[in-house]
Amino acid sequence: MSAALREIRRIYPTAHITLMICEESRNVAEHCPYVDEILINIHPFAFNNYPLVYDRNATMSAELLRRRYDIAFAFAHYPSSLLLAYMSGARICVAHAFSAQNEAFEIGELSAFLPLLTIQAPKWIYGTHSVEHGLALISGVTQIPITNRETEVWYTPFDYTIAERFLREHVDTNKRLYGLCMGGVGYRKKWSPEKYAKLVEMIVEEEPDVDFLIFGGGKIDEESAADFKQHLDENVLRDHIFDLTGESTYRVSAVLLSFCDMYIGNDTGTMHLAATVKTPVLTPSCFAADADIRYNVLNIYYPYHVPSVTVLVKHALPECINPSHGVGCIVDDHPHCIAQIEPETMFAAYKMLKVRIEQKIIEPLFVS
């Protein structure tokens with residue numbers, strides 16, 4: 001959303017702009033220079049469960065109504081976001097007209113909830129990145145061209161000082177630096193820490209002049225890092241690994257990632273931070289190479305405007321062939337389809353990414 005927020009402020013320079021986010025995003029957003037206030041939505045989105053959205057957000061709606069908004073932009077691509085925008089009481093709600101992957105949902109289903117002044121921007125097209133959809137929402141309504149399509153992240157001088165001090169005291173500046181993130185929410189997207197250990201050993205064996213920073217903040221991240229280190233060669237662990245799980249905020253992580261030559265890790269918020277600070281990305285994916293790629297979220301949330309290689313599984317496991325909701329794997333209580341990816345495949349993709357970095361190719365590459 002950072003590019004969209006910047007454009008809204010440019011187009012409406014004197015407006016009072018409120019950003020509504022979830023608690024997990026506060027650390028990233030709280031220094032955004034384009035908004036006047038941030039409100040925390042204490043309830044996660046509920047996709048198409050409209051009664052649940054309404055019930056959960058009744059108190060928040062009262063807070064929003066008090067502000068008497070003129071316009072509400074619903075940037076998220078799920079319909080419950082549109083309902084929440086309507087509950088703000090804004091005179092005009094702006095949202096994409098879009099169809100879900102089964103082509104059954106149209107914005108008209110929400111007609112009972114929407115004011116007559118709702119504006120439908122250009123149709124949400126699957127396969128177009130979420131950043132572009134946010135910008136299309138603005139330009140489609142205002143008819144004003146977008147001037148800057150890049151994303152950005154905001155941190156303070158203190159955040160930078162913390163990161164710079166760590167690098168100065170612990171990291172050999174003569175070595176290349178790679179970021180690692182093996183945790184994240186959603187087991188379908190978690191590649192095995194044991195396989196990450198094997199991949200790191202392969203990289204170090206071929207290129208000993210590289211160090212790794214492990215990023216992450218939650219319990220799952222810490223458990224993944226501990227598992228990774230348990231399977232790693234002791235010499236590699238001692239000489240090449242710095243574990244920052246639980247020790248770094250999102251903003252400090254963004255600064256550190258800006259000093260990294262590559263991000264290697266799961267599809268997480270940290271991955272998108274890496275892309276935002278223009279750090280190339282290597283990531284495993286639970287999507288199958290032979291799946292219908294038109295309707296999966298991989299096309300909406302790939303690393304944006306940065307060299308990247310995403311490793312797909314060759315074939316979905318039987319339970320996950322043609323999943324109806326486009327997440328790539330329908331099993332989420334343990335690593336499932338993604339477990340088929342082997343370290344050797346990731347290492348080959350790593351070499352491909354190095355070539356793309358050298359050639360400055362920013363288009364995403366999907367391989368299996």
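The values are calculated or read from the model by the stated rules, or taken from the named source; none is laboratory data. Quick caveat, the model's predicted, so the values are computed rather than measured. Neighbour counts are summed over all protein chains in view; Cβ atoms, including those assigned to glycine, are modelled from backbone coordinates with ideal geometry. Accessible surface is based on the protein model in full, side chains and every heavy atom, while ligands, DNA and RNA are left aside. Shrake-Rupley method; radii C 1.70, N 1.55, O 1.52, S 1.80 Å.
Computed values, structure above
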{"item": "Residue check for residue 155: among the aromatic types (Phe, Trp, Tyr), open to solvent by 50 Å² or more (accessible area, probe 1.4 Å), touching a His at 6+ places or on another chain (Cβ under 8 Å) and over 16 Å from residue 268 (Cβ atoms)", "result": "yes"}
{"item": "Any hit, the stretch 141-151, residues being part of a helix (DSSP H, G or I) and under 23 Å from residue 278 (Cβ atoms)", "result": "no"}
{"item": "Residues that are surrounded by 14 or more Cβ atoms within 10 Å (Cβ to Cβ) and touching a helix residue (DSSP H, G or I) at 6+ places or on another chain (Cβ under 8 Å), drawn from the stretch 165-174", "result": "166, 167"}
{"item": "Yes/no for residue 131 being surrounded by 18 or more Cβ atoms within 10 Å (Cβ to Cβ), assigned to a helix (DSSP H, G or I) and modelled with pLDDT of 85 or more", "result": "yes"}
{"item": "Enumeration of residues in the stretch 82-96 that are more than 23 Å from residue 143 (Cβ to Cβ) and in a helix (DSSP H, G or I)", "result": "83, 84, 86, 87"}
{"item": "Qualifying residues in the stretch 62-97 (those that are among the hydroxyl-bearing types (Ser, Thr, Tyr) and at pLDDT 85 or above) - the one most open to solvent (accessible area, probe 1.4 Å)", "result": "69"}
{"item": "Helices (runs of 4 or more DSSP H) completely within the stretch 175-249 that count 2 or more residues being crowded, with 19+ Cβ neighbours inside 10 Å", "result": "193-206, 219-230"}
{"item": "Matching entry among 159, 221 (being of a type in the set (D, E, K, R) and over 19 Å from the mean Cα position of the chain (by Cα))", "result": "159"}
